[in-house]
């Protein structure tokens with residue numbers, strides 16, 4: 001193959017006329033201002049019985065634009081929740097989701113979009129982060145999407161607690177997710193109503209007041225920019241009976257466990273990164289920062305420790321340092337060290353902190369943090385042999401990464417209610433006094449199906465047993481929740497090759513399986529939908545930092561994280577450092593760019609979400625004049641034109657396909673454009689062209 005390297009002075013000149021970053025930011029800001037709210041309402045129905053909560057979240061999406069859209073909502077979820085249901089209400093019709101292997105579900109969803117049908121996909125992106133995609137929602141159309149999950153209560157001092165996260169704050173570090181999937185906030189809070197049914201003696205909503213409703217339930221209008229924190233006392237812990245999809249009966253018992261008398265030998269890791277400056281809410285002291293609240297709680301802790309307990313105290317931001325000697329010490333020594341904790345500053349390097357304290361001779365690690373960091377190698381630290389427990393502080397805390405690590409190591413996860421960190425800390429300490437064992441009793445029947453499992457979660461012992469005999473169930477949804485929750489307990493003990501099958505049988509959303517539904521009877525849409533990211537509300541305890549780099553959803557591939565302690569954040573992404581040489585070349589280098597240089601520069605100027613519909617059709621009508629001219633000039637290059645003829649496609653389409661190929665790892669819309677453009681094209685031959693271009697990087 002002859003060289004693709006040629007003269008691109010004309011294309012380079014186009015770049016000199018536009019600041020690509022400034023143009024992209026301006027366009028995204030204009031798009032945000034012009035886009036009306038998509039998520040217009042959410043209703044949360046919670047049913048709590050015998051220590052198990054089944055939560056139904058009905059989100060109403062309305063397309064107020066004049067064209068079909070795809071609405072993407074990434075949202076935090078409890079790490080140990082079992083997601084088991086998906087329905088959509090379109091007018092008077094109710095559609096039910098089907099569980100499939102994750103790749104098959106995605107393919108079904110994409111095929112539906114190709115056919116112009118409305119479709120919904122519910123995926124797990126990370127443990128603790130899920131994505132709802134609503135594709136081909138027509139102009140003026142409204143659809144209500146309901147997801148369902150089940151979770152056991154967490155217990156603190158006799159109270160059963162449930163947290164339903166609704167938003168999240170700034171997450172430190174490079175996200176492992178594509179830009180289209182990333183957690184973002186800054187959206188307009190929608191009307192949110194809570195309905196609660198429970199069997200406890202009393203129930204309390206941390207922020208708000210529950211009022212009796214005509215149906216005997218309790219209800220409240222709540223803020224969408226804070227978690228729903230519920231507490232229950234005097235719960236009836238009668239065993240629960242449900243029915244799994246295969247017809248067997250499953251019985252689940254949840255019993256709070258008393259603290260054991262084991263002495264503690266632990267490291268307490270205190271997060272004092274900059275995000276811990278955020279204010280608490282509730283708990284009687286909303287003026288406290290999260291760091292002040294945790295320091296106050298730690299100051300109360302020594303009085304509740306035993307003389308033979310040994311605690312090492314460390315603190316971390318982007319560095320991890322000991323407070324005192326950093327060695328396990330008695331309660332009196334701990335009391336003298338707490339006042340020496342430093343004020344918040346710097347970034348959040350949770351993984352680095354765990355690495356640093358690895359040499360300290362302890363059995364347990366207690367991490368007190370807001371969890372706002374991607375900088376954590378979960379698989380690596382899960383193999384450390386230590387149990388890692390978590391106290392999450394703050395309304396916008398993120399359970400996803402640290403909570404997953406705690407679940408894998410057998411640690412407990414506790415939340416603080418506002419500034420009341422002491423109760424969460426005491427509950428975590430009580431869990432750490434239990435026997436340190438990762439061996440959960442688990443047995444199967446003659447057909448290798450689960451028959452019994454015992455697990456410890458949130459200071460409760462959970463026992464699930466399966467039998468052939470089935471009794472009638474009055475509440476089908478709650479019955480399904482019981483069965484789904486029991487099945488989720490077994491997945492960690494199921495061989496990887498069988499885990500997908502088990503999740504499919506249970507109808508669960510996991511890292512292996514997704515739920516998808518397609519509206520084959522609804523109105524068909526033409527072309528690709530415009531993708532709109534639905535941002536979570538800004539957390540009520542956070543104040544937005546005003547900077548032009550806070551434009552919504554900047555492309556993930558612009559990320560070049562700063563090193564050192566001066567990391568900054570926006571409501572959507574970490575502040576990015578962008579190498580100007582990527583666009584303009586080195587100031588000390590004379591001569592033209594290579595083809596690959598131009599393509600890499602051009603792809604960053606494309607708003608794939610907004611422009612996919614037209615680019616998939618080979619149209620440049622909606623792109624900027626600079627971008628469309630540059631693409632046409634590349635398309636006119638003799639070698640590109642020759643390759644396009646051999647592939648049987650227009651040369652402009654080939655250039656767009658090359659740009660989409662480069663952006664596909666970061667944008668689902670780019671993947672969709674590439675999929676459309678390569679219909680009927682020899683994929684192997686296209687890859688030859690891609691490889692030739694890449695060779696000139």
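Being touching a residue at least 40 places away in the same chain (Cβ under 8 Å), farther than 24 Å from residue 70 by Cβ, touching a helix residue (DSSP H, G or I) at 6+ places or on another chain (Cβ under 9 Å) and part of a helix (DSSP H, G or I) is a property that residue 640 has.
Evaluation of residue 618 against the conditions (1) more than 37 Å from the chain's Cα centre (by Cα); (2) surrounded by fewer than 19 Cβ atoms within 10 Å (Cβ to Cβ); (3) modelled with pLDDT of 90 or more shows that the sole unmet condition is (1). Going through (1) assigned to a loop (DSSP other than H, G, I, E, B); (2) farther than 17 Å from residue 600 by Cβ; (3) within 33 Å of the chain's Cα centre (by Cα) one by one, residue 613 falls short only on (1).
When each of 402, 365 is tested for being within 13 Å of the chain's Cα centre (by Cα) and closer than 16 Å to residue 314 by Cβ, the lone residue that passes is 402.
One residue stands out in the range 176-188 among those that are part of a strand (DSSP E or B) and touching a strand residue (DSSP E or B) at 6+ places or on another chain (Cβ under 6 Å): the one that is farthest from residue 237 (Cα to Cα), namely 187. Scanning the range 193-204 for residues that are surrounded by fewer than 18 Cβ atoms within 10 Å (Cβ to Cβ) and within 20 Å of residue 56 (Cα to Cα) yields 193, 195, 199, 204. The listed residues are 288, 298, 269, and the only one of them that is at pLDDT below 90, assigned by TED's automatic domain parsing to the domain that holds residue 392 and surrounded by 19 or more Cβ atoms within 10 Å (Cβ to Cβ) turns out to be 288. Could you list all residues from the range 102-149 that are in a helix (DSSP H, G or I) and farther than 20 Å from residue 504 by Cα? The answer is 110, 111, 112, 113, 114.
Considered as a group, the residues in the range 209-236 that are touching a residue at least 40 places away in the same chain (Cβ under 8 Å) and out of contact with any strand residue (DSSP E or B) (no Cβ under 6 Å at 6 or more places or on another chain) include one that is farthest from residue 59 (Cα to Cα), and that residue is 236. Residue 246 meets the conditions (1) surrounded by fewer than 14 Cβ atoms within 10 Å (Cβ to Cβ); (2) in a strand (DSSP E or B) in every case but one. The failed one is (2).
Among strands (runs of 3 or more DSSP E) entirely within the range 189-234, having at least 1 residues that are closer than 17 Å to residue 154 by Cα singles out 191-198, 202-205, 228-233. Taking the condition of being at pLDDT 95 or above and under 17 Å from the mean Cα position of the chain (by Cα), how many residues in the range 512-533 meet it? The number of residues fulfilling the criteria is 4. Of all residues in the range 144-172, those satisfying the criterion of being at pLDDT below 95 and surrounded by fewer than 23 Cβ atoms within 10 Å (Cβ to Cβ) are 157, 158, 159.
As for the range 455-475, it holds no residue that is modelled with pLDDT of 85 or more, out of contact with any strand residue (DSSP E or B) (no Cβ under 9 Å at 6 or more places or on another chain) and in a strand (DSSP E or B).
Okay, residues lined up against (1) buried (at least 17 other Cβ atoms within 10 Å of the Cβ); (2) in contact (Cβ under 8 Å) with a residue 40 or more places away in the chain; (3) assigned by TED's automatic domain parsing to the domain that holds residue 122:
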{"site": "454", "(1), (2), (3)": "no, no, no"}
{"site": "471", "(1), (2), (3)": "no, yes, no"}
{"site": "487", "(1), (2), (3)": "yes, yes, no"}
{"site": "491", "(1), (2), (3)": "yes, no, no"}
{"site": "495", "(1), (2), (3)": "no, no, no"}
{"site": "501", "(1), (2), (3)": "no, no, no"}
{"site": "507", "(1), (2), (3)": "yes, yes, no"}
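Restricting attention to the range 120-143, the residues that are within 14 Å of residue 522 (Cβ to Cβ) and either over 21 Å from the mean Cα position of the chain (by Cα) or surrounded by fewer than 21 Cβ atoms within 10 Å (Cβ to Cβ) (or both) add up to 8.
Scanning the range 643-684 for residues that are within 20 Å of residue 116 (Cβ to Cβ) and not in a helix (DSSP H, G or I) returns 678, 679, 680.
Of the residues making up the range 660-681, one or more are surrounded by fewer than 23 Cβ atoms within 10 Å (Cβ to Cβ) and farther than 22 Å from residue 531 by Cβ. Can you name every residue in the range 98-119 that is in contact (Cβ under 8 Å) with a residue 60 or more places away in the chain and farther than 20 Å from residue 523 by Cβ? Selection gives 98, 99, 100, 101, 102, 105, 106.
If you go through the range 241-273 and keep only what is in contact with a strand residue (DSSP E or B) (Cβ under 6 Å, 6 or more places away or on another chain) and more than 30 Å from residue 85 (Cα to Cα), you end up with 257, 265, 266, 267, 268, 269, 270, 271, 272.
Which strands (runs of 3 or more DSSP E) sit wholly inside the range 45-96 and have at least 1 residues that are touching a helix residue (DSSP H, G or I) at 6+ places or on another chain (Cβ under 8 Å) and in the same structural domain as residue 116 (by TED's automatic domain parsing)? Answer list for the range 45-96: 52-62, 69-76, 82-90.
Applying the criterion of being loosely packed, with under 15 Cβ neighbours inside 10 Å and in a helix (DSSP H, G or I) to the residues of the range 301-312, the residue that is nearest to the chain's Cα centre (by Cα) is 304.
The values are calculated or read from the model by the stated rules, or taken from the named source; none is laboratory data. On a predicted model such as this, the values are computed, not experimentally measured, just so you know. All Cβ positions, even for glycine, are placed from backbone atoms using ideal geometry, and neighbour counts span all protein chains on display.
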